[in-house]
Amino acid sequence: LLKRAKPDTFEDIIALAALFRPGPLGSGMDKQWCDRKHGIEEVSYPHPALEPVLAPTYGVIVYQEQVMQIAQVLAGYSLGGADLLRRAMGKKKPEEMAKERAKFEAGCAERGIEASIATPIFDLMEKFAEYGFNKSHSAAYALVAYQTAWLKVHYPAEFMAAVLSSDMDNTDKVVGFLDEARVLGLRVLPPDVNASTYMFEATDSKTIRYGLGAVKGVGRGACEAIASACATDGRFTDLLDFCKRVDASGLNKRTLEAPIQAGAMDALAVNRASLMLQLPEVLKATDQIAKNRDAGMVDMFGTSPTGAADIHIDLPECAEWPLAQKLQGERETLGHYLSGHPLDPHREELKRLVGHDLSSLDALWESRPPEARKGWRPQMQAVLAGQVTGMRKRGDSQAFVQLEDGRGRIECGFFGNEWQEYAPLLTRDRILVVEGELREDEFSGGFALKAKRCWDYAQVCGQQAQRLSIRLDLRAPGALERFEGVLDAHPGGTPLLLEATVPVGIGRLTLNGGRGLRVDAALPGLLRSLPGVSTVQLQLARP
């Protein structure tokens, strides 16, 4: 609304605060106000006598006070009577409104205003009263909006850190605020026991550090104990050092698992899987140190900061979790993905299949052909892909599915036959390819898709794979053995085009028929993780 209105006075900002509602206003008065302000629509008045009342708002009823003034000017209401009219409209009681309508029309008739003019004016006032504010209320909103907008423009990192901290317990709001921070060009650093405090903090004008308090399962006391220990004795070196130095009363297995899964302890070991492997033995060791201290067993060499007899253990290491498990841990503890996205292993295939990601919808919309720009509600045919992150139903015949790909999001509406046909596919975390009508969304200011057809991406990979091309350097240690292992585990009919580099040159080989591959959604990512593999291209036919 601000972008469309371009307010140039504080009076304008007050009017916008009164007109603004999330979603489209049924009355369309916000659009009418903007069009009249910028000369797109001519300013007019329901009656010439109302020009002094409505001139400041371009002939549009914006405030409750204007309703009262209209009743006074046209129908001769007293101040008290006008206030009773305002209250009657706010309560929306039909019997009271019928009495006020008769009173208004009678007052207008006494002043020579015909019913054909008075009745539409009363209808307009009644329509406005469904959502109207008084001007003092609007002025208070406008002042807060102006102040926060100024802070957001001039101190974006500090402002967004404060906003994030104010709603740390509300995951949906945190996710929305993080998206807004990235739109502002801010970098959001992950939680870190060696750097984070309880709240989000601005580390510089372009960077925000994630607050430990936003990690689910870690209480404020534990967060403050971690920050205090780090500030007093310096950075933690490993998990054992961490557990020795942080007040044990605030730590337990569950409290420690949460920051590990969130990535807040990544600096304490080679990976999160190793930290989780070390956790049981570390907790045993720190428990024994506490028992030694309670029993009076003193470290005679003074090497333990607690004074108790110290214990040293070996900290084992292991391979990292699969990406899906790592990201699942982040979502469970942070409410969203932070270090990556489940679509990351599939981006090349999805880009080749669909042609764009959800961050490119503005460019896609601007590229639509001339015939798609016509009509009262322009639209275009589009095919999109993303992961289902939420769904809301309306009755038994429609549902709205939130698709997200880590770079953007869109809501897809499934109605009638489409809802009945594709309902089994609309489950959380499933990756979907959806074809439908793309249009501008009045609620969000972005885009929405009215779905016509829908496919499960995993099924598309299995059924529509035409060819898999791989570039492999067989000089890399273990490359041939690992590659052969994947081939043996995925026998199928999809042709494989292999370009292999060996010490004497480069050779190309096509395997098909019984020597082809069985393709699934995870196969390209698995192949890319093998030693010596530099390129993997899966050619998919659009369903």
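The values are calculated or read from the model by the stated rules, or taken from the named source; none is laboratory data. Values in this document were obtained by computation on a predicted structure and should not be read as measured data. So basically every Cβ, Gly included, is an ideal-geometry build from the backbone, and we count neighbours across all protein chains shown. Ligands, DNA and RNA are stripped out before the accessible areas are found, and what is left, the full protein with its side chains, is counted by its heavy atoms. Shrake-Rupley method; radii C 1.70, N 1.55, O 1.52, S 1.80 Å.
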If you work out Kirkwood radius over Cα pairs in Å from the coordinates, which of [x] 29.1; [y] 23.1; [z] 26.1 do you get? [x]
May I ask what percent, to the nearest 5, of DSSP beta bridges between residues of the chain are antiparallel? 80
Please work out the C-alpha center-to-center distance from segment 175-213 to segment 309-365 and express it in whole Å. 18
Find out how many positive minus negative residues lie around A267, taking Lys and Arg as positive, Asp and Glu as negative, among other residues whose Cβ is under 10 Å from that of A267. -2
Tell me the per residue accessible area of the chain using a 1.4 Å probe; a whole number in Å² is fine. 51
Quick one: 3J(HN,Hα) in Hz for segment 378-392, Karplus 6.51/-1.76/1.60 with θ = phi - 60°, rounded, Gly and Pro as x. x, 7, 8, 7, 8, 10, 10, 9, x, 9, 6, 10, x, 8, 10
Relative contact order of segment 301-460 (C-alpha contacts under 8 Å, at least 6 apart) in percent is 18
Name the trypsin sites (Lys or Arg not before Pro) in segment 339-413 that are in a loop by DSSP and that have at most 16 other C-beta atoms within 10 Å, would you? K374, R407
Contact order normalised by length for the chain, with contacts defined as Cα pairs under 8 Å and 6 or more residues apart; what percent is it? 7
Which longest uninterrupted range of the chain lacks any GluC sites (Glu not before Pro) assigned by DSSP to a loop state (not H, G, I, E or B) and surrounded by at most 16 other Cβ atoms within 10 Å? 131-316
Please return the longest stretch of the chain lacking exposed loop sites, where chymotrypsin sites (Phe, Trp or Tyr not before Pro) count only if DSSP places them in a loop and at most 15 other Cβ atoms lie within 10 Å. 132-300
Summarise the accessible area of the chain (1.4 Å probe, protein heavy atoms) by the percent that is carbon and sulfur. 53
Looking at the chain, do any whole DSSP H helices span at least 27 angstrom along their long axis by alpha carbon and average -0.5 or above on Kyte-Doolittle, and which? 135-154, 272-294
Segment 422-531, relative contact order [Cα under 8 Å, separation at least 6], %: 23
With runs of 4+ DSSP H residues as the only contributors, calculate the mean residue ellipticity of the chain at 222 nm using -39,500 (n - 2.57) per run, divided by the residue total and rounded to the nearest 500. -13500 deg cm²/dmol
From the phi of every residue in segment 501-510, what ³J(HN,Hα) in whole Hz does the Karplus formula 6.51 cos²θ - 1.76 cosθ + 1.60 yield, where θ is phi - 60° and glycine or proline is x? 9, 10, x, 9, x, 10, x, 10, 9, 10
Could you compute Rg(Cα) / (2.2 N^0.38 Å) for segment 7-144, with N its residue count? 1.03
Built amide H within the under 5 Å cut-off of W321, gap 5+: R272, A273
Whole-angstrom gap from segment 26-70 to segment 215-272, using each part's C-alpha centre: 59
Would you mind checking which residues have amide H under 5 Å from G516's amide H? H placed 1.01 Å from N; only 5 or more apart, or other chain. G492
